[in-house]
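Reading through the structure tokens given below for one structure.
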């Protein structure tokens, strides 16, 4: 009985010591615990409980296996973004490229010390990701119904349902291939209200989310638009009529301001005969019955010359 107990003790000691002797590095740090993958909208985050060393920073390294590595290659691949990181989480979205079961393992390192590898308790498949309803914004451009979705990534499409909010109206459907762009849905009737709801679709995992809460928007009435058109037309006609009148008035102002009409003073006005003008005395000017006309200096000189000669 004693010998059997000693034999069990030796076996137990060998089970503990042999793995330690076979490893390349001494296992001093505890292994990270509670590995899990949290996935929402095809964004996959691996988390674990941190290993603490008082006053020191512990780093972590992550590796993964797909079906091929697990069943055929018997190997592990270092994660793309998680080698010697100090935070107890890793974004493994780029590592998961197929809809198959993946396994992950993490070890802690501190200086030249490292822990044992700790692996997931359950394999992860990206088809278990949680899909949320899409965030969207509806608007109108005149009578055009417009919708815009947030950009959720390359895998996402949006199944849109829209309808006129009136009795006996039919629901219409449209697939939007990507987010981040304005998409025209419908030309609305004046004064009518239209509603829109949508869900996300991920074809690579053959799943879709629930529909979001619908949003509604009302098209503008025709009366204000018609009044605006009439008012604009009347203003345009008044402009066409008033512009020539304004130009004519301005031309008249400029003409009389810059080129005024010159009125000849009375002193330059003379009678038909220069001789009568010479013989007429000052006191008899009013009694002179003459015909007044304007003579230029050349004519006056010529007439005086003839009278003299």
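The values are calculated or read from the model by the stated rules, or taken from the named source; none is laboratory data. Just so you know, these numbers come straight off a predicted model, no measurement behind them. So basically every Cβ, Gly included, is an ideal-geometry build from the backbone, and we count neighbours across all protein chains shown.
Listing for the model above:
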{"quantity": "Those residues of region 98-143 which are within 30 Å of the chain's Cα centre (by Cα) and under 25 Å from residue 41 (Cβ atoms), in sequence order", "calculated": "129, 130, 131, 132, 133, 134, 135, 136, 137, 138, 139"}
{"quantity": "Checklist (1) surrounded by fewer than 16 Cβ atoms within 10 Å (Cβ to Cβ); (2) under 21 Å from the mean Cα position of the chain (by Cα) applied to residue 196, failing item", "calculated": "(1)"}
{"quantity": "Tally of residues being closer than 30 Å to residue 99 by Cα and surrounded by 11 or more Cβ atoms within 10 Å (Cβ to Cβ) across region 167-193", "calculated": "5"}
{"quantity": "Single unsatisfied condition, residue 123 versus (1) under 28 Å from residue 69 (Cα atoms); (2) in contact (Cβ under 8 Å) with a residue 40 or more places away in the chain; (3) touching a strand residue (DSSP E or B) at 6+ places or on another chain (Cβ under 6 Å)", "calculated": "(2)"}
{"quantity": "Within region 31-104, strands (runs of 3 or more DSSP E) holding 2 or more residues that are more than 18 Å from residue 121 (Cβ to Cβ)", "calculated": "59-65, 77-85"}
{"quantity": "Criterion violated by residue 124 - all others in (1) within 30 Å of residue 103 (Cα to Cα); (2) modelled with pLDDT under 95 satisfied", "calculated": "(2)"}
